[in-house]
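Some notes on the structure that comes next.
The values are calculated or read from the model by the stated rules, or taken from the named source; none is laboratory data. As the structure is a computational prediction, the values presented were derived from the model and not from experiment. Here the Cβ positions follow ideal geometry from the backbone for every residue, glycine too, while neighbour counts run over all protein chains shown. To get the accessible areas, we keep the full protein, side chains included, count just its heavy atoms, and leave off ligands, DNA and RNA. Shrake-Rupley method; radii C 1.70, N 1.55, O 1.52, S 1.80 Å.
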Amino acid sequence: MSVGLSNRRGYRGRVLTPVGSAGELRFFADGLLVVEHGRLVSVGPYAADAACGAILDLRPAVLLPGFVDTHLHFPQTRVIGSASGPLLEWLEQTVFPEEARFRDEAYARPVAAELVARLLAAGTTTSAIFSSSSELATSVLFEALDRSGLRAIAGLTLMDQACPDGVRVPADEALAACARLVERWHGHDGGRLGFAVTPRFALSCSRALMEGAARLASDHELLIQTHIAENAAEGEAVRALHPWGGDYLGIYEKTGLIGPRTVLAHAIHLSASEWDRVASLGASIAHCPDSNFFLGSGRMRLAEAWSRGVRVGLGSDVAAGRSFDLRRAMAHGYDNALAIGAAVTPAQLLTLATLGGATALGLGAETGSLEAGKAADFIAVSLPEYATTEGAILGQIAFGDSGRVERAFVRGERVFAALP
Ligand code: GUN
Ligand code: FE
């Protein structure tokens with residue numbers, strides 16, 4: 001294949017990116033991304049004689065890696081803001097009735113388009129998504145993601161007990177549907193889309209379903225995503241239902257669901273022993289602070305994860321989270337940390353929302369930061385001209401609401417442009 005300059009394209013702007021998992025950032029006040037065949041060839045200060053073809057001048061926008069949302073629910077797109085109580089009551093009153101509607105393709109299809117539009121406008125270029133328990137709705141979701149150009153991992157939500165008939169699917173039926181979806185969608189478009197085995201949580205899954213889910217994941221080397229230790233009442237109910245587990249994590253361990261390809265959402269009420277085992281088994285965490293505030297679930301302790309080397313990303317957890325915008329999750333992540341006297345920095349939060357999330361999903365070599373060799377997954381965010389220093393820009397991004405996502409690119413392809 002020709003490697004002439006015609007294949008190269010430059011993007012000029014203020015460039016801000018994490019470069020490691022510890023919260024170290026790189027900033028170029030006048031920077032240039034050079035992209036070839038969808039990959040970043042170089043990231044550095046602008047130079048007039050840079051070896052690239054056309055340069056798209058996006059100044060004064062800030063170029064960031066696209067956000068990585070490690071946890072959200074497609075069939076909850078339309079029920080953001082439903083304040084119907086803590087987790088179990090909210091599931092019963094708001095979530096299950098809404099998710100039951102997704103058996104109807106005519107309902108699922110427009111919502112899938114809405115979800116994609118919301119992700120794009122929020123600058124989220126990679127996401128890990130729970131679908132509903134319907135195979136049809138999950139196909140509809142994948143089709144919408146395929147058309148959008150976004151990078152995503154999604155799975156049919158497994159639930160075969162302790163939920164209404166409208167969302168319950170027997171284990172064999174659900175696992176057969178997953179196998180068909182894996183065949184159709186896993187690895188689609190050069191790995192842009194992937195299928196995740198998605199047991200909802202231990203309360204809505206029989207032991208046989210969890211074991212079958214683990215086998216499916218291991219057979220196809222799939223990501224596993226689920227919820228853990230979100231709410232105190234949930235934890236009690238889960239342990240009473242599955243006493244053989246020993247503790248919450250033990251249920252997932254004993255059914256084979258925990259390993260380096262497992263993403264656990266929330267992880268608020270874990271014991272020290274559970275944290276040690278999460279670390280030794282190599283699972284990662286989706287930290288969902290906005291959701292944790294909205295449902296009053298409790299305070300996640302990031303230090304428990306970081307001190308053990310556990311990978312962590314940020315999740316919007318729509319619709320317990322009130323926004324698709326991971327900048328809102330960053331702001332709530334800051335408040336969460338302050339509330340427990342263990343402050344985190346804006347740089348750490350930006351890292352969680354990008355490279356941390358990519359790493360948590362096993363995509364850290366491919367996306368999540370602007371570094372040569374990675375896919376050109378980036379966004380251009382307009383910020384007021386008065387934000388000129390790295391610190392001011394970072395503060396505006398993490399905590400302010402003045403920055404608008406102007407464009408988003410995945411593998412160098414423009415997938416979003418804001419209206420003028
Ligand atoms: N636990 C089980 N299902 C859900 C869900 O849909 N949202 C949240 N936040 N927690 C859950
Ligand atoms: Fe969730």
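Once you order the gyration tensor axes a ≥ b ≥ c over the Cα atoms, which shape class does the stretch 67-118 get: rounded for a/c under 1.5, otherwise prolate or oblate by comparing a/b with b/c?
Note, shape of the stretch 67-118 comes out oblate.
Express in nm, to one decimal, how much length is gained between Q93 and A47 on full extension, taking 0.36 nm for each residue of separation and deducting their alpha carbon distance.
Values: separation 46, 0.36 × 46 = 16.56 nm, distance 5.73 nm.
Full extension of this stretch gives 10.8 nm more.
Taking Cα centroids, how far is the stretch 186-211 from the stretch 321-390 in Å?
25 Å
How large are Rg and Dmax for the stretch 250-347 when only the alpha carbon atoms are used, in Å?
Rg, Dmax (Cα atoms, Å): 13.2, 38.
May I ask you to work out the translational diffusion coefficient for the chain at 37 °C, viscosity 0.692 mPa s, via Stokes-Einstein with Rh from the Kirkwood sum over Cα pairs, reported in whole µm²/s? Could the numbers behind the result be given before it?
Numbers: Rh = 21.4 Å.
Estimated via Stokes-Einstein, D reaches 154 µm²/s.
Hand me the chymotrypsin sites (Phe, Trp or Tyr not before Pro) from the stretch 144-218 located in a DSSP loop with no more than 15 other Cβ atoms within 10 Å, in residue order please.
Of the chymotrypsin sites (Phe, Trp or Tyr not before Pro), not one in the loops of the stretch 144-218 has a Cβ with at most 15 other Cβ atoms within 10 Å.
Along Cα→Cβ, 7 Å out, is where each label goes; now give me the distance between the ones at F27 and A54 in nm to one decimal.
Modelled inter-label distance: 3.2 nm.
For the chain, set up a Gaussian network in which alpha carbons nearer than 10 Å are linked by springs, and say which option among T367, T77, T138 fluctuates the most.
T77
Just how far, in whole angstrom, is the stretch 83-143 from the stretch 1-74 if you go by their alpha carbon centroids?
32 Å
At 7 Å along Cα-to-Cβ for each site, give me the label-to-label distance between A272 and D165 in nm.
5.0 nm
Please report, as a whole percent, how much of the solvent-accessible surface of the stretch 306-420 comes from carbon and sulfur atoms (probe radius 1.4 Å). Mind showing how you got there, number by number?
Working: 2210 of 4170 Å².
Carbon and sulfur together cover 53 percent of it.
Could you tally the net charge around A347, taking each other residue with its Cβ under 13 Å from the Cβ of A347, Lys/Arg +1 and Asp/Glu -1?
Charge balance in the 13 Å sphere: -1.
Mind listing which GluC sites (Glu not before Pro) in the stretch 176-280 are in a DSSP loop and have 10 or fewer other Cβ atoms within 10 Å?
Within the stretch 176-280, the qualifying GluC sites (Glu not before Pro) (loop, at most 10 other Cβ atoms within 10 Å) are E221.
Order 368-377, 18-27, 64-73 from most to least packed using the mean count of other Cβ atoms within 10 Å.
For the peptides 368-377, 18-27, 64-73, the packing ranking is 64-73, 368-377, 18-27.
Restricting things to alpha carbons, find the Rg to Rh ratio for the stretch 242-283 using the Kirkwood radius for Rh. Intermediate values should be presented prior to the final figure.
On the way: Rg = 9.5 Å, Rh = 10.4 Å.
Looking at the stretch 242-283, the ratio lands at 0.92.
Report the local net charge at F67: Lys and Arg +1, Asp and Glu -1, summed over other residues whose C-beta lies under 10 Å from its C-beta.
Cβ neighbours under 10 Å give a net charge of -2.
Once a ≥ b ≥ c are taken as the square roots of the eigenvalues of the Cα gyration tensor of the stretch 1-134, is the result rounded (a/c under 1.5), prolate (a/b larger than b/c) or oblate (a/b not larger than b/c)?
Taking the square roots of the gyration eigenvalues as a ≥ b ≥ c, the stretch 1-134 is prolate.
Looking at the stretch 338-410 from every direction and averaging, what is the projected area of its Cα convex hull in nm²?
6.1 nm²
Against the empirical 2.2 N^0.38 Å scaling, what ratio does the C-alpha Rg of the stretch 320-367 come to? Numbers along the way, then the final one.
Details: Rg = 11.7 Å, N = 48, 2.2 N^0.38 = 9.6 Å.
My calculation over the Cα atoms of the stretch 320-367 gives 1.22.
Taking all protein chains as present, what is the carbon and sulfur share of the accessible area of the stretch 17-107, in % to the nearest whole number, probe 1.4 Å?
That share works out to 50 percent.
For A240 and R147, what does the FRET efficiency come to when R0 = 45 Å and r is the distance between their Cβ atoms, rounded to the nearest 0.05? Please list the in-between numbers first.
Values: r = 44 Å, r/R0 = 0.98.
That gives a FRET efficiency of 0.55.
Taking 0.36 nm per intervening residue step and subtracting the Cα-Cα distance, what contour gain separates E385 from L419 on full extension?
Net length gain for the segment: 10.2 nm.
Residues of the stretch 73-156: accessible area per residue at 1.4 Å, in Å²?
So the stretch 73-156 comes to 31 Å² accessible per residue, rounded to a whole number.
Rolling a 1.4 Å sphere over the protein heavy atoms, what is the accessible area per residue of the stretch 226-340, to the nearest Å²?
Details: 3590 Å² over 115 residues.
Roughly 31 Å² per residue, with all protein chains present.
Using mean Cβ contacts within 10 Å as the protection proxy, how do 120-127, 51-58 order, highest first?
120-127, 51-58
Over the stretch 134-248, what percent of the accessible surface lies on carbon and sulfur atoms, probe 1.4 Å?
The computed percentage sits at 49.
Anyone know which of G191, G149, G166 comes out most mobile in the 10 Å Cα GNM of the chain?
Sorting by GNM fluctuation, first place goes to G191.
If contacts are Cα pairs under 8 angstrom and at least 6 residues apart, what is the relative contact order of the stretch 116-197 in percent?
Computed value for the stretch 116-197: 31 percent relative contact order.
In nanometres, what is the gap between the two model label sites at A339 and A179, each 7 Å from Cα along Cα-to-Cβ?
So the label points at A339 and A179 sit 4.4 nm apart.
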